[in-house]
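Undergrad: Here it is, the structure, as structure tokens.
Please treat every number below as a calculation from the coordinates, not as lab data. Computed from a predicted model, the values in this text were never measured in an experiment. No Cβ is skipped: glycine too gets one built from the backbone with ideal geometry, and neighbour counts run over all protein chains shown.
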Amino acid sequence: MTVSDARTQKILVIGGSGFIGRRLVAHLGPERTIATYHSAPFPGGVPFDSATMRLADRFLTGRHRITHGILLQGITGIDRCALAPEESARVNVDGAINAIDDLLDAGVVPIFVSSDSVFDGIRGPCTETDPVCPILTFGHQAAAVETHLRSLSAPWVIARLTKVVASFPNPRNILSEWIDAISRRELIRCAYDQILSPVDIDDVVAALTFFVNNELCGLYNISGPQPLPRIELLNTLLSFVGPDLRAAAKIDICSLSDIAVVEQRPKNCSLSNRKFAAASGLSTAPPDRICARLSQHYREDLVLSAAAR
Ligand SMILES: NC(=O)c1ccc[n+]([C@@H]2O[C@H](COP(=O)([O-])OP(=O)(O)OC[C@H]3O[C@@H](n4cnc5c(N)ncnc54)[C@H](OP(=O)(O)O)[C@@H]3O)[C@@H](O)[C@H]2O)c1
């Protein structure tokens with residue numbers, strides 16, 4: 001892509017108000033993006049409900065200059081999807097497929113952000129050649145959209161993510177949620193038998209940007225480099241926090257099967273990142289580096305608030 005192409009092209013981010021969407025839009029910049037929200041408005045955001053509206057009517061009219069549509073929208077609560085399968089399917093399946101079809105009709109490359117929930121969690125890390133075998137309602141919905149895309153001959157991307165974590169506090173970041181829970185002296189229940197391959201949100205943003213800038217198409221897993229049990233991720237985090245916080249941690253180590261949920265979760269959620277790493281030359285941060293950066297963030301915050309007093 002030439003510099004002038006990059007200046008004139010637009011990227012449509014559906015679900016720009018979500019955890020990943022906000023970070024992606026901040027990275028790509030407002031000049032390059034048109035970003036939507038559903039219930040959480042943000043400056044420059046455009047309201048869009050994929051259950052009741054069509055991209056073709058709202059964004060893909062005239063000379064739109066949109067080259068890629070990144071689909072981050074969805075009802076992402078796993079139990080919410082299980083409890084309201086039809087309502088969630090209207091957004092997660094029908095809304096996503098309508099968006100994909102509208103994008104392709106307008107000559108725009110759809111980038112569907114999928115998830116490790118398309119697998120049953122019996123074994124891992126799963127690769128792009130493993131057949132999907134979902135056990136969650138949410139996973140069945142993601143698999144239905146993947147199947148639709150894979151039947152199409154026009155260029156498309158499926159970016160299949162594992163657990164996304166971040167080196168900054170956010171209610172959707174399990175690492176900062178753990179630190180906050182310890183600070184409140186709450187008990188953390190943590191599974192020894194759930195395997196994750198957590199990926200840094202900035203590596204997800206870099207991967208999505210790579211698809212746009214390099215016109216790479218196809219199915220790619222985007223995951224961290226190192227599968228590890230959930231309890232080991234928590235212990236890694238604790239090894240980077242201060243001694244007071246470490247001493248205050250109250251942890252109940254349990255099996256994933258002991259945690260009360262509407263639908264039993266897949267135990268091995270890890271994905272192999274090899275195909276994307278080979279295609280892009282990009283590597284993803286290991287858990288210890290992400291945990292170190294997050295605890296540094298908290299230390300800097302403490303210094304700043306002490307200086308302000
Ligand atoms: N975060 C992870 O660990 C993770 C892991 C694997 C896969 N993924 C996938 O990555 C994608 C984004 O994840 P995320 O963590 O950023 O999710 P998120 O924070 O829950 O964001 C979901 C986005 O979808 C929008 N949305 C909800 N209902 C909508 C509707 N009816 N029409 C249009 N937009 C609607 C939300 O808008 P409002 O907030 O404005 O309502 C929000 O922008 C999801 O598809 C998820 O499955 C995420």
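Undergrad: Averaging over every viewing direction, what projected area does the convex hull of the Cα atoms of region 241-293 cover, in nm²?
TA: Result: a mean projected hull area of 6.2 nm².
Undergrad: Separate question: What ranking do 33, 127, 284 get, fewest neighbouring Cβ atoms within 10 angstrom at the top?
TA: If I rank by nearby Cβ atoms, fewest first, I get 127, 33, 284.
Undergrad: In Å and whole numbers, how far do the C-alpha atoms of region 185-289 stretch along each principal axis, longest first?
TA: Per principal axis, max minus min of the Cα coordinates gives 47, 35, 18 Å.
Undergrad: If you build a Gaussian network model of the chain, linking Cα atoms that sit under 10 Å apart, which residue out of 209, 61, 76 swings the most?
TA: In the Gaussian network model the winner is 61.
Undergrad: Over the Cα atoms of the chain, what radius of gyration and what Dmax do you get, in Å?
TA: Spelled out, the Cα radius of gyration and Dmax of the chain are 19.7, 61 Å.
Undergrad: In nm, to one decimal, how far is the residue 214 label point from the residue 31 one, both placed 7 Å along Cα→Cβ?
TA: Modelled inter-label distance: 2.4 nm.
Undergrad: For the ranges 185-196, 115-126, what's the packing order if you count other beta-carbon atoms within 10 Å of each residue, average per peptide, and put the highest first?
TA: Ranking the peptides 185-196, 115-126 by packing returns 115-126, 185-196.
Undergrad: Could you estimate the translational diffusion coefficient of region 158-221 from the Stokes-Einstein equation, with Rh from the Kirkwood formula over C-alpha pairs, at 20 °C and 1.002 mPa s, in whole µm²/s?
TA: 155 µm²/s
Undergrad: Next question. Using per-residue counts of other Cβ atoms within 10 Å, averaged over each peptide, order 267-277, 233-243 from highest down.
TA: 267-277, 233-243
Undergrad: Find how much the distance from residue 274 to residue 40 grows on full extension, using 0.36 nm per residue of separation minus their present alpha carbon separation; answer in nm with one decimal.
TA: That works out to 80.7 nm of additional length.
Undergrad: Another question about this same structure. For the chain, build the charge dipole from Cβ charges (+1 Lys, Arg; -1 Asp, Glu) around the Cα centre, then report which of 221, 29, 296 sits farthest towards its positive end.
TA: Going by the charge dipole, the pick is 296.
Undergrad: What's the center-to-center distance, using Cα atoms, between region 72-114 and region 20-55 in Å?
TA: 15 Å
Undergrad: When the chain is modelled as a GNM with alpha-carbon springs shorter than 10 Å, which of 41, 227, 155 fluctuates the most?
TA: Maximum among the listed residues: 41.
Undergrad: How much length is gained if the chain between residue 253 and residue 98 is pulled fully straight, taking 0.36 nm per residue apart and subtracting their Cα-Cα distance, in nm to one decimal?
TA: Net length gain for the segment: 51.5 nm.
Undergrad: For residue 267, go through the lysines and keep the ones whose alpha-carbon is under 21 Å away, minus same-chain ones fewer than eight residues off.
TA: 163
Undergrad: Here is a further query. Plugging the Kirkwood radius over Cα pairs into Stokes-Einstein for region 68-191, at a temperature of 10 °C and a viscosity of 1.306 mPa s, what D comes out in µm²/s?
TA: Rounded to a whole number, D works out at 99 µm²/s.
Undergrad: Enumerate the aspartates and glutamates that residue 275 could reach by cross-link, defined here as Cα to Cα under 12 Å, with residues fewer than 8 away along the same chain left out.
TA: Straight-line reach from residue 275, under 12 Å: 128.
Undergrad: Further question: Of the candidates 84, 144, 51, which one comes out as most mobile in a Gaussian network treatment of the chain with C-alpha springs shorter than 10 Å?
TA: Ranking 84, 144, 51 by mean-square fluctuation puts 84 first.
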